[in-house]
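The structure appears right after this line, and notes come after that.
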Amino acid sequence: MPETSEIAPDFTLPRDGGAHVSLSDLRPGPVVIFFYPRDDTSGCTKEAVAFSGLQSEFDAAGATVIGISKDSVASHEKFRDKHDLTVPLLSDAEDAICEAYGVWTEKNMYGKKFMGIERSTFLIDGTGRIARVWRKVKVPGHAEEVLEAVRAL
């Protein structure tokens, strides 16, 4: 589980639209990665819509924002189109990147335990180091808080 000031685990994953995104290719600008449990669920939709709504401000700050879940590229494309999302959505179908970032965890809902993605966000600086980590994210106001952290880099 990477922590602040450590080098962020690199990856190359498929994204909506058919291309691939490599973390190392996004340097030297800062990168925001938000891990979310599932496409088109209430909290995940609100989070993706919030980041998309601030896209121009993240762009102005020189930052790239990407969302990652285990959902397929086809699922991401439906999710993107349904909610007019502008942030790239990457598919970690094998959960290797979720594991590398320590967000693939045991969850408990209504007394039932299962494995899933813990809603988490990582801010990676232009050198590839983790500048800030948010775990167990609560969606309201989160995208705005991340934007402020980007501006403070």
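Since every read-out is calculated from the coordinates, none of them should be taken as a lab result. Worth saying up front: this structure is predicted, and the values here are computed from it rather than measured. Neighbour counts are summed over all protein chains in view; Cβ atoms, including those assigned to glycine, are modelled from backbone coordinates with ideal geometry.
At-a-glance table
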read-out	value
Electrostatic dipole magnitude of the chain [Cβ: Lys, Arg +1; Asp, Glu -1; Cα centre; debye, to 20]	460
Whichever lysines have a C-alpha closer than 22 Å to that of LYS136, once near sequence neighbours (fewer than 8 apart) are set aside	LYS46, LYS70, LYS107, LYS112, LYS113
The range 74-153, dipole about Cα centre (Lys/Arg Cβ +1, Asp/Glu Cβ -1), debye to the nearest 20	340
Length-normalised contact order of the range 2-153 in % [C-alpha pairs under 8 Å, at least 6 apart]	32
The chain: translational diffusion in µm²/s, Stokes-Einstein, Kirkwood Rh over Cα pairs, 37 °C, 0.692 mPa s	214
Size of electric dipole in the range 12-51: Cβ of Lys, Arg +1 and of Asp, Glu -1, about Cα centre, debye, nearest 20	100
Estimated distance in nm for a label pair at LYS138 and ASP59, the labels positioned 7 Å out from Cα along Cα-to-Cβ	3.2
Antiparallel bridge percentage (DSSP; both residues within the chain; nearest 5)	70
